[in-house]
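Scroll down for the structure; my scribbles are underneath it.
The values are calculated or read from the model by the stated rules, or taken from the named source; none is laboratory data. A quick note: this is a predicted structure, and the numbers were derived from the prediction, not measured. Every residue, glycine as well, gets a Cβ built from its backbone with ideal geometry; the counts of neighbours run over all protein chains shown. With ligands, DNA and RNA removed, areas are computed over all heavy atoms of the protein, side chains included. Shrake-Rupley method; radii C 1.70, N 1.55, O 1.52, S 1.80 Å.
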Amino acid sequence: MTAPAVAANQSTQPAPAAVAPAAAISADIEKIYYGDFLAVRDARVAVERGKITGFIGPSGCGKSTVLRSLNRMNDLVPGFRLVGHVNFLGQDIYAKNIDPVAVRRHIGMVFQQPNPFSMSIYDNVAFGPRLNRYKGDLDERVETSLRRAGLWNEVKDKLKQNGLALSGGQQQRLCIARAIATEPTVLLMDEPCSALDPIATRIVEELMLELKTHYSVAIVTHNMQQAMRVADTTAFFSVDISKGGRTGYLVELGETKQIFDSPREQLTRDYISGQFS
Ligand code: ADP
């Protein structure tokens, strides 16, 4: 498989050949700072191809911080600094010649709160391809994206309607359609169901299982049942308070069944059995 080009000014150049890595993203994060604050340490995580990787752990353990580091979304936060490497199909996305905007085109993101733009459903989905000066059939791209997001049948007769007029669950699926319209390789989802009701949550969970046939997916969730339902691999993070700070770190990563049925670490066992305070 060939790595998409993410280096600055190289988007039309052939990408360097990747050494067929097992994961779409493999991150070796030594430290992440916000200013002087050490938010995360020692997080070695991977987003495996064609699978869903779940990030779980108590609030403040750095799940979102790590997820957002995987497509350089945190670059937008003043004071953010990462020590380590994040490899995407063989390229370090933090290398000097890499264009973060191109990274985000290949590694899309869906946020906790559905955030459609105040524009038509069609224009929401067409936004990314237009920005990238997509030369193909835009109608077809919009339809395919909406179909993959499981929304086409509900909106095909009202594509000119404002995206904000949809229900919360539909809005989140519209955001998923918008994210996949640029044909990313990886989809990062930061608590995508936490603002949704149980029915909309179930629809989005079922959708994730479809999405992984086209994309490699990583999801942050505070809901352990959700991780059990959708994630193939689960990464459990905790918070180290031993040095007076609150620094998140990766405790254990493994197949979801192993993490929940036979965790290697006592901390994981305590957390999944509800004994974590
Ligand atoms: P989680 O997703 O596990 O709840 P976060 O990644 O949101 O954890 O936060 C990890 C730590 O980093 C927390 O202590 C949080 O307060 C801090 N943090 C998160 N975002 C920022 C930011 N933009 N600026 C400063 N500190 C932040």
Would you mind checking the tilt of helix 168-180 against the longest principal axis of the Cα atoms of the chain, expressed as 0 to 90 degrees and rounded to 10? 80 degrees
Debye log10 I(q)/I(0) at q = 0.11, 0.12, 0.13, 0.20 Å⁻¹ for the stretch 44-176, Cα point scatterers: -0.50, -0.59, -0.69, -1.25
Whole-number accessible area per residue in Å² for the stretch 22-272, which is evaluated in the context of all protein chains at 1.4 Å: 45 Å²
The helix 198-211 Cα axis meets the longest alpha-carbon principal axis of the chain at an angle in degrees, between 0 and 90 and rounded to 10, of 80 degrees
Among the aspartates and glutamates, select those whose C-alpha is under 15 Å from the C-alpha of K156, and discard any that sit fewer than 8 residues away in the same chain. D123, D139, E140, E143
GNM on the chain, C-alpha springs below 10 Å: top fluctuator among F80, F237, F55? F80
Taking θ = phi - 60°, what integer Hz values does the Karplus form 6.51 cos²θ - 1.76 cosθ + 1.60 yield along the stretch 128-134, in sequence order, with x for Gly and Pro? x, x, 5, 4, 8, 6, 4
Just need the relative contact order of the chain here, percent rounded to a whole number, with Cα pairs under 8 Å and 6+ apart. 25 percent
Taking the chain and counting helices only, DSSP H stretches of n ≥ 4 at -39,500 (n - 2.57) each over all residues, the nearest-500 ellipticity at 222 nm comes to -8500 deg cm²/dmol
Mind pulling the angle between the C-alpha long axis of helix 138-148 and the longest principal axis of the chain? Nearest 10 degrees, somewhere in 0 to 90. 40 degrees
Largest first, please: the extent of the C-alpha atoms of the stretch 190-277 along each principal axis, to the nearest Å. 41, 26, 23
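Translational diffusion coefficient of the chain at 25 °C, 0.890 mPa s, Stokes-Einstein with Kirkwood Rh over Cα pairs, in µm²/s as a whole number. Don't jump to the answer; show the numbers that get you there.
On the way: Rh = 19.3 Å.
Calculated translational D: 127 µm²/s.
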The answer for trypsin sites (Lys or Arg not before Pro) in the stretch 184-277 that fall in a DSSP coil and have at most 14 neighbouring Cβ atoms within 10 Å is K243, R246, R264
Would you mind putting 160-172, 133-145 in packing order, based on average other-beta-carbon counts within 10 Å, highest first? 160-172, 133-145
Considering only DSSP beta bridges whose two residues both sit in the chain, what percent are antiparallel, to the nearest 5? 65 percent
